[in-house]
Each structure stands twice: as structure tokens, then as C-alpha cells.
Amino acid sequence: MANITQRGFKISEKIEHNPYSGKIIAVAIPKGGVGKSALSINIAPEVKPDNFYDTDQTPAVSTFNGFRPVETQWHVIRLKSGVDSAEKFAEDLLTAKEEGKTVLVDCGGFDSAITRTAVAIADLILSPFHDDPSDLLGVQLFSDALNEISREMGTKITAHLVMYKTHPSRTNFKAIDAHLAQFDNLKRLDTPIPRDNLVPEKFGEGIGVVEHLSSRHSKAGIAFRSLFLDIRKVLDQQK
């Protein structure tokens, strides 16, 4: 803690370590429509990425980022599977990591070389999902893919699941946790994100709910701020 005195006012300046410096965060699960792009936009204000990759077939992040005020727009890099090189992507990610930059990757809702590259190199993988049958199947397929990537990389890769668009009053997740217990490479983060109309509304403006006073203290806004603490906890445990 450093104290600065200016014109009679004593100002406390707290110097904090950036927990996301040199970190690569991938938002990935091989299923469309679960909320990966919305989750990416909503964690960006916390992560403050130097590079924000949009690798989805539907360029939501690239498009909605353009609706933000120019001075607040993220540095979004658009990548397309089958067009952009996964090898070049890997080099760029590793270079950014060496330079201490923060990277956020919104992955497409399908299995691709670019998605697998992001997952293989990421320090943290976040995977939004619902507990309906199709999403649970997607979770199982993702676990299988993580096992394949882990074998290729020679290290165990784990993804952290985020319950997304849950009923606002729901607090019991015992059944879903019992189902997830069969996967040793998937862990559910404590904080669920409830359904809240403000999330898609602000997403369409290119902003996260925590960035605007009208939504910061909404149910979703409170949940996202709790999720940020979950994310920091995971990164702290990696040290």
C-alpha cells in the first residue's frame, strides 16, 4: 500500500497483481447455443483481455464489439476454421503468454483445429452449459475430446463448467453434480448464472451486465461478480 499526499488530500494507492497477466482463457464446449459468446463478453470486463479472439462461425463478439464506444472496444481478432492456420494461432498464443498479455478466446460450437489449439494451450477453460439432455451429451463429448487432447499434450487438461441460464430461484444442483462426478476432467464452478433478460439485452450492445449501472446490481450482475471470484480462485490454485 502506497500513500500519496496531494493538495492536502491523502490518497491510498493500492498496487495489485493482475491475476490474468500472461493467462489464456478459452470459453469452449463443442455445442452451439449454450451462451459461449455471451459468457465471453460478460467476463471480458473482469479479464480485460489484450487480445480477444473470436473463432465462432457466427461472429457475435466481432459484431457486437463494434457497438461499444470506440474508446472501450476490445482488441478483437477474428479467426475462421479452415481459413486461418491453427499452427500460427498457437504461435501467437504462446508469444502473447510470454509477453505477459491476457488472452480471451471465444471458441466455436464445434470441434476444430483452432478450438483444440485454444483448449490445449489455455490456462483456464470455461464451459457454459444447461442441464438438458442435449447439453449433457455435449458435456460428455467434450470430456472425450479433452482426454484426446490431454494424451496429445502429455498433461491432464480440465475444463470448468458454468451452469448458465438457470432458474433464478434454483439452488440445488446435487443431481447435476452427481452426473458430472463420472468425468475426472470436468469441474463445476460454484456460481450459476441465472436467466435474466438484461444479459441478452446488454450482449446486443456489446457490453457485459457488470459494465452498466442499470444491470450491474441485477441478479445476473451479482452472479457474474461472484463468478469472477470463482475464476480468480481457480487461477490462484494453479500457482
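The values are calculated or read from the model by the stated rules, or taken from the named source; none is laboratory data. From a predicted model like this one, the values you see are computed outputs, not experimental measurements. Cβ: placed from backbone, ideal geometry, glycine included. Neighbour counts: every protein chain shown. The area values use the complete protein model at the heavy-atom level, side chains included, leaving out ligands, DNA and RNA. Shrake-Rupley method; radii C 1.70, N 1.55, O 1.52, S 1.80 Å.
Through the Karplus equation 6.51 cos²θ - 1.76 cosθ + 1.60, θ set to phi - 60°, convert the phi angles of the stretch 60-71 into ³J(HN,Hα) values in whole Hz; use x for Gly and Pro.
Here the 3J(HN,Hα) series is 5, 4, 4, 5, 6, 4, x, 8, 6, x, 3, 6 Hz.
Counting helices only, and only those DSSP H runs with n ≥ 4, report the 222 nm mean residue ellipticity of the chain as the sum of -39,500 (n - 2.57) divided by its residues, in deg cm²/dmol to the nearest 500. If you can, show how the numbers build up before the last one.
Values: 9 runs with 97 residues, N = 239.
After summing the helix terms and dividing by the residues of the chain, the value is -12000 deg cm²/dmol.
Working out 0.36 nm times the residue gap between SER85 and ALA178, then minus their Cα-Cα distance, what length gain in nm do you get to one decimal? Walk me through the numbers on the way to the answer.
Values: separation 93, 0.36 × 93 = 33.48 nm, distance 3.91 nm.
Result for the pair: 29.6 nm of gain on full extension.
Please give the net charge around GLY100, taking every other residue with its beta carbon less than 11 angstrom from that of GLY100, where Lys and Arg add +1 and Asp and Glu add -1. Provide the component values of the computation, followed by the final result.
Values: positive: LYS23, LYS97, LYS101; negative: ASP50, GLU98, GLU99.
Local charge sum for GLY100: 0.
Sequence-distant or interchain residues sharing an amide H contact under 5 Å with ARG188, placed H: which?
So ARG188 has HN proximity to LEU161.
Treating only the Cα positions of the stretch 62-151 as identical point scatterers, give the base-10 log of I(q)/I(0) from the Debye formula at each q in 0.10, 0.11 Å⁻¹.
Values, matching the q order: -0.33, -0.39.
I want to verify a result. In a Gaussian network model of the chain, Cα cutoff 10 Å, which of these has the top mean-square fluctuation: SER226, SER21, SER169?
In this elastic network of the chain, the residue with the biggest mean-square fluctuation among SER226, SER21, SER169 is SER169.
Among LEU235, ASN185, LEU137, flag the residue with its Cα farthest along the positive direction of the charge dipole of the chain, charges on Cβ as +1 for Lys/Arg and -1 for Asp/Glu.
About the Cα centre, the residue reaching furthest to the positive side is LEU235.
Using the Cβ atoms and a cut-off under 9 Å, what net charge is assigned to the surroundings of MET163, where Lys and Arg are +1 and Asp and Glu are -1? Before the final figure, lay out the partial values.
Working: positive: LYS165, ARG170, ARG188; negative: ASP131.
Cβ neighbours under 9 Å give a net charge of +2.
Taking square-rooted eigenvalues a ≥ b ≥ c of the alpha carbon gyration tensor, is the stretch 38-84 rounded, prolate or oblate, where a/c under 1.5 means rounded and, failing that, a/b exceeding b/c means prolate?
Numbers: a/c = 1.82, a/b = 1.64, b/c = 1.11.
Prolate shape, in that a/c is at least 1.5 and a/b is the bigger ratio.
With the chain treated as a Gaussian network of Cα nodes joined by springs under 10 Å, which of SER218, SER134, SER112 yields the largest mean-square fluctuation?
SER134
Can you compute the charge dipole magnitude of the stretch 162-239 about its Cα centre, using +1 on each Lys and Arg Cβ and -1 on each Asp and Glu Cβ, nothing else charged? Give it in debye, rounded to the nearest 20. Don't skip to the answer; put the middle values down first.
Working: 13 positive and 9 negative charges, 32 e Å.
So the magnitude is around 160 debye.
With +1 on each Lys and Arg Cβ and -1 on each Asp and Glu Cβ, how big is the dipole of the chain about its Cα centre, in debye rounded to the nearest 20? Provide the component values of the computation, followed by the final result.
Working: 29 positive and 31 negative charges, 161 e Å.
Value, rounded to 20: 780 debye.
Which aspartates and glutamates have a Cα less than 12 Å from the Cα of LYS31, not counting those fewer than 8 places away in the same chain?
Candidates past the 8-residue exclusion: ASP56, ASP111, ASP135.
Net charge around GLU205, counting only other residues with Cβ within less than 10 Å of its Cβ (Lys, Arg = +1; Asp, Glu = -1)? Working shown, then result.
On the way: positive: ARG68, LYS202; negative: GLU201, GLU211.
Once all neighbours under 10 Å are counted, the net charge is 0.
Total Lys pairs in the stretch 111-239 closer than 22 Å by alpha-carbon, pairs eight or more apart in sequence or interchain only?
Step by step, the pairs that qualify in the stretch 111-239 add up to 14.
What does the accessible area per residue of the stretch 148-239 come to in Å², with a 1.4 Å probe and no ligands, DNA or RNA counted?
Numbers: 5170 Å² over 92 residues.
With all protein chains present, the stretch 148-239 gives 56 Å² per residue.
Kindly point out which whole DSSP H helices in the chain project their C-alpha atoms 24 angstrom or further along the helix axis while averaging a Kyte-Doolittle hydropathy of -1.0 or above. Before the final figure, lay out each step's value.
Working: long enough: 133-153 (30 Å, 0.02); 219-237 (27 Å, 0.28).
Passing helices, by number: 133-153, 219-237.
When the expected Rg is taken as 2.2 N^0.38 Å, what fraction or multiple of it is the alpha-carbon Rg of the chain? Mind showing how you got there, number by number?
On the way: Rg = 18.3 Å, N = 239, 2.2 N^0.38 = 17.6 Å.
Here the Cα radius of gyration is 1.04 times the empirical estimate.
Quote the charge dipole size of the stretch 23-129 about the Cα centre in Debye, to the nearest 20; the model charges only the Cβ of Lys and Arg (+1) and of Asp and Glu (-1).
Numbers: 11 positive and 14 negative charges, 52 e Å.
Dipole size: approximately 260 debye.
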